[in-house]
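Notes to accompany the following structure.
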Amino acid sequence: MTESLKRTPLYAAHVALGAKMVPFAGYEMPVQYKAGILAEHQAVRTGLGIFDVSHMGEFEITGVDRNAFVNRVTCNDISVLDTGGVQYSAILSDEGTFVDDCTVYRFEDKIMIVVNAANRAKAWDHIVEQKKGANVRLRDISDDTGLLAVQGPKANAAVAAIASFPIDDLGYYRHTTGKVAGVGCFISRTGYTGEDGFELYCRGRDTQVLWDAMLKAGALPIGLGARDSLRLEMGYALYGNDIDETITPLEAGLGWIVKLDKGAPFTGLEALKQQKLRGVTRKLVGFELTERGIPRHGYPVWADGRQVDVVRSGGQSPSLGKPIGTTFLPAAASKVGTEFEVDCRGQQVKAIVVKKPFYTAGSVRK
């Protein structure tokens, strides 16, 4: 490990639990614990898991122009959110491609945008650059904020037992403020796994108290390995794999977060209008291998005798027991049932386009 890597407030706790620590997005993060990735994956699907995601970036926007400003720097429509609402969105370039995907939280007196750790500096600079004459105050509160994700069918019961408010009343993609295990925080019913669960935001110094309380409630600590297999089974996009600065939301199947007619011009609007008129030339699809093999990130993808892309995300699905992945195919060849090939270590392995999500038996509340 290099000295330049950051550590979350729970670094010592991860080491004490025997976690394998790896560099990730500028941090030393646990990729797995003693139980192993498969056991961790299964714990979230059938019981209760807890993730340290304190490496994520959080930006706070206050001031009278905050709503109009956020509508300008994100592609979804914040005006449809009331206080307590949460929204999946994206920060885009002038070309309509991803600077980052993000989550937007609306409070009575502020807005919070949550971004990926690897894109924190880039997203911050992009947002600050667009401030111009807007009457807003921007604060990067990432280093002072702890964040835990509690996921699994047993998440509701576990959190309800130590929360100071009726957690059952919290709807999907909603947030509220209160105390959990005596710690002041705000909690949202969101997640990245397909299971019911919550994200707990608190002061960095309070993260350990929440972590210990959830472990006492029976949560298994979950590392980056199972986090990736869980999100892949749901077909959720990962920046750097499925989406990046060369890809637009329309190409990635995320057109539903792009509100071209929201009445507020946003960065990337004109480029996306033009792309929608022309039609996309490629689409992100989910696939299964129909022959023996494991589709790893970066493996070449072939269709009609030529390489068209690489595997964006891929692996063996622990829940389904089959090899799955995502890739971009030419739009005309992206329909469910279309066959193509993945080059798995020099062997052409047959694949077929399937509908996402791959896993449909999750407990997530909608």
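One table, with the values for the structure above:
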{"read-out": "Meets criteria (open to solvent by 40 Å² or more (accessible area, probe 1.4 Å), in contact (Cβ under 8 Å) with a residue 40 or more places away in the chain and assigned to a loop (DSSP other than H, G, I, E, B)) for Ala39", "value": "no"}
{"read-out": "Count of the stretch 115-139 residues which are outside any helix (DSSP H, G or I), under 19 Å from the mean Cα position of the chain (by Cα) and surrounded by fewer than 22 Cβ atoms within 10 Å (Cβ to Cβ)", "value": "1"}
{"read-out": "Residues that are out of contact with any helix residue (DSSP H, G or I) (no Cβ under 9 Å at 6 or more places or on another chain), in a loop (DSSP other than H, G, I, E, B) and farther than 19 Å from Gly191 by Cα, drawn from the stretch 254-280", "value": "Asp261, Gly268"}
{"read-out": "Any pair with Cβ under 7 angstrom, 6 or more apart, that starts in the stretch 189-215 at a residue that is surrounded by fewer than 18 Cβ atoms within 10 Å (Cβ to Cβ) and ends at one that is part of a helix (DSSP H, G or I)", "value": "Arg203/Asp144; Gly204/Asp144; Gln208/Ala13"}
{"read-out": "Which numbered condition Ala237 misses (of (1) hydrophobic (A, V, I, L, M, F, W, C); (2) assigned to a helix (DSSP H, G or I); (3) under 21 Å from Arg45 (Cβ atoms))", "value": "(2)"}
{"read-out": "Within the stretch 207-239, tally of residues that are touching a Phe, Trp or Tyr at 6+ places or on another chain (Cβ under 7 Å) and over 16 Å from Val53 (Cα atoms)", "value": "4"}
{"read-out": "Evaluation of Tyr33 against (1) over 23 Å from Tyr359 (Cβ atoms); (2) of a type in the set (Phe, Trp, Tyr); (3) open to solvent by less than 60 Å² (accessible area, probe 1.4 Å) (one fails), failing number", "value": "(1)"}
{"read-out": "Residue match in the stretch 319-335 (condition: open to solvent by 30 Å² or more (accessible area, probe 1.4 Å), more than 26 Å from the chain's Cα centre (by Cα) and more than 30 Å from Glu129 (Cα to Cα))", "value": "yes"}
{"read-out": "Any hit, the stretch 319-333, residues being in a loop (DSSP other than H, G, I, E, B), in contact (Cβ under 8 Å) with a residue 60 or more places away in the chain and either out of contact with any Gly (no Cβ under 7 Å at 6 or more places or on another chain) or not basic (Lys, Arg) (or both)", "value": "yes"}
{"read-out": "Among (1) open to solvent by 60 Å² or more (accessible area, probe 1.4 Å); (2) over 30 Å from Lys276 (Cβ atoms); (3) not small (Gly, Ala, Ser) - the single one Thr360 does not satisfy", "value": "(2)"}
{"read-out": "Hey, Ala19 touching a helix residue (DSSP H, G or I) at 6+ places or on another chain (Cβ under 6 Å) and either charged (D, E, K, R) or touching a residue at least 40 places away in the same chain (Cβ under 8 Å) (or both) or not", "value": "no"}
{"read-out": "Elements of type strands (runs of 3 or more DSSP E) in the stretch 155-220, at least 1 residues being farther than 19 Å from Val114 by Cα", "value": "175-180, 183-188"}
{"read-out": "Long-range neighbours under 8 Å by Cβ, at least six apart or interchain, first residue farther than 15 Å from Leu254 by Cβ and open to solvent by 40 Å² or more (accessible area, probe 1.4 Å) within the stretch 223-240, second of a type in the set (Phe, Trp, Tyr) and not in a loop (DSSP other than H, G, I, E, B)", "value": "Arg227/Phe51"}
{"read-out": "Yes/no for Gly293 being buried (at least 21 other Cβ atoms within 10 Å of the Cβ) and either closer than 14 Å to Ala351 by Cα or in contact (Cβ under 8 Å) with a residue 24 or more places away in the chain (or both)", "value": "no"}
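The values are calculated or read from the model by the stated rules, or taken from the named source; none is laboratory data. Just so you know, these numbers come straight off a predicted model, no measurement behind them. Note that each Cβ is placed from the backbone with ideal geometry, even for glycine, and that neighbours are counted across all protein chains shown. Accessible surface areas use protein heavy atoms only, side chains included; no ligands, DNA or RNA. Shrake-Rupley method; radii C 1.70, N 1.55, O 1.52, S 1.80 Å.
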